[in-house]
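What follows is calculated from the coordinates using simple rules that are stated; it is not laboratory data. Quick caveat, the model's predicted, so the values are computed rather than measured. All Cβ positions, glycine included, derive from the backbone under ideal geometry; neighbour counts span all protein chains shown.
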Amino acid sequence: GDIECINLELILADCEMIERRIDRTKKAAKSGDKKFLREATVLEGLLEHLNQGKSARVYECEPDEMAIIRESDLLSLKPIIYAANTDEEGFTNLEGNEYFQQVKELAEKEGAQVLPICAKMEQDIAELEGEDRQMFLEELGIGKSGLDRLISECYDLLGLISFLTAGEDECRAWTIANGTKAPQAAGKIHTDFERGFIRAEVIAYDDLMRLGSMNAAKEAGLVRSEGKEYVMKDGDVTLFRFNV
């Protein structure tokens, strides 16, 4: 019921937006430009779909039609993750959890994702630290807290990854699009880094944690020197060399 209510509100907002765009497009079409006539036809098809209470995410059309539709920032077209809050018993038996299965079925029809979370367990996890926290997660068989899993799912859904920089005073994560090359990743820190990019010294996060320090990683030969064509990977710990 919550999902239906929220989706309906998003769809109604999209209907208003598309109706306004159709009006503008039809006025522009009076010039005889076939581009605007085509655009109006595509938008009217989408509006009919929305008026049936269906989100733009499940609208079936040709790629060139979807390109026209995406010019509008539609709320019901955005990717979705359903976070399903369950009780402790329901979390440990998702197959037998009727409500979770209903949400899962709905998500599959929309091509969306669903993530089970137990708020009570999350509270317990938040109160633990270090080894106690990790032991509790392992006992639950989930490895990560619900918040961490939700963040990871969101990054995957949006096509994002993180690389890290580490110095004496701080360690920081930088968010970039998956597929970003090293010079453009350096530009996220400062434009001078991209403009004067020479190379990137890279080590995987897991390797660095296992060895304990950059010096130990260098001695083990695990710090790589990468050039301008290197595609950054999630969890790369990176030192950029540049000259401007």
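Quick check: residue separation of GLU62 and GLU89 times 0.36 nm, minus the Cα distance between them. What number comes out in nm?
Using 0.36 nm per residue and subtracting the Cα-Cα distance, I get 5.3 nm.
Please build a GNM for the chain, connecting alpha carbons under 10 Å apart, and tell me which residue among LEU147, LEU158, LEU128 fluctuates the most.
LEU128
Give the relative contact order (percent, whole number) for the range 52-116; include only Cα pairs under 8 Å separated by 6+ residues.
Dividing the mean separation by the residue count of the range 52-116 yields 36 percent.
Quick one: 3J(HN,Hα) in Hz for the range 87-93, Karplus 6.51/-1.76/1.60 with θ = phi - 60°, rounded, Gly and Pro as x.
So the Karplus estimates, Gly and Pro as x, are 7, 4, 5, x, 5, 7, 9 Hz.
Note the listed values (i) 19.9, 61; (ii) 24.1, 72; (iii) 20.9, 65, then indicate which one is Rg and Dmax of the Cα atoms in Å calculated from this particular structure.
Matching entry in (i) 19.9, 61; (ii) 24.1, 72; (iii) 20.9, 65: (ii).
What range in the chain is the longest one free of GluC sites (Glu not before Pro) that are in a loop by DSSP and have at most 15 other Cβ atoms within 10 angstrom?
It works out to 1-59.
Quick one: what are the phi-derived ³J(HN,Hα) couplings along the range 15-27, Karplus 6.51/-1.76/1.60 with θ = phi - 60°, whole Hz, x for glycine and proline?
4, 4, 5, 5, 4, 5, 5, 4, 4, 5, 5, 5, 5
Which lysines, if any, have their Cα less than 23 Å from the Cα of LYS104, not counting same-chain residues under 8 positions apart?
Cα-Cα hits under 23 Å: LYS54, LYS78, LYS120, LYS144.
Stretched out fully, how many nm does the piece from ILE81 to ARG149 gain, at 0.36 nm a residue minus the Cα gap?
Answer, rounded to one decimal: 23.3 nm.
For the chain, what is the calculated [θ] at 222 nm in deg cm²/dmol (nearest 500), taking -39500 (n - 2.57) for each run of four or more DSSP H residues and dividing by its residue count?
So the calculated ellipticity at 222 nm is -15500 deg cm²/dmol.
Are there trypsin sites (Lys or Arg not before Pro) in the range 49-135 that DSSP marks as loop and that have at most 14 other Cβ atoms within 10 Å, and which are they?
ARG70
Just to confirm the number: angle between the C-alpha axis of helix 130-140 and the first principal axis of the chain, 0 to 90 degrees, nearest 10?
Taking Cα atoms only, the helix is inclined about 50 degrees.
Within the range 139-166, name every residue whose backbone N is under 17 Å away from a label modeled 7 Å from Cα of GLU127 along the Cβ vector.
Under 17 Å, as judged by backbone N against the label point of GLU127, lie 140, 146 of the range 139-166.
Take the alpha carbon atoms of the range 4-47, find their center, do the same for the range 186-244, and report the distance between the two centers in whole angstrom.
When both Cα centres are located, 47 Å separates them.
Taking the Cβ-Cβ separation of GLN134 and ASP33 as r and a Förster radius of 45 Å, what is the calculated FRET efficiency to the nearest 0.05?
With a Förster radius of 45 Å, E is 0.10.
Taking the Cα centre of the chain as origin, work out the dipole magnitude from +1 charges on Lys and Arg Cβ and -1 charges on Asp and Glu Cβ, in debye rounded to 20.
Here the chain has a charge dipole of around 1720 debye.
Rounded to the nearest 5, what is the percent of antiparallel bridges among the DSSP beta bridges in the chain?
Antiparallel bridges make up about 75 percent of those DSSP assigns within the chain.
Would you please give the FRET efficiency between GLU201 and ILE117, computed as 1/(1 + (r/R0)^6) with r the Cβ-Cβ distance and R0 = 35 Å, to the nearest 0.05?
The formula returns an efficiency of 0.35 here.
What is the angle, in °, between the Cα long axis of helix 98-110 and the longest principal axis of the Cα atoms in the chain? Nearest 10 is fine, range 0 to 90.
Long axis of 98-110 versus the principal axis of the chain: about 70 degrees.
Relative contact order (percent) for the range 1-157, with alpha-carbon contacts under 8 angstrom and 6 or more residues of separation?
Worked out over the range 1-157, it gives 18 percent.
Checking the a/c ratio against 1.5 first, then a/b against b/c, what shape does the Cα gyration tensor give for the range 145-244?
Because a/c hits 1.5 or more and a/b fails to exceed b/c, the range 145-244 counts as oblate.
Go through the range 69-74 residue by residue and turn each phi into a ³J(HN,Hα) via Karplus (6.51, -1.76, 1.60, θ = phi - 60°); whole Hz please, and just put x for glycine and proline.
Coupling constants for the range 69-74: 5, 5, 5, 9, 7, 6 Hz.
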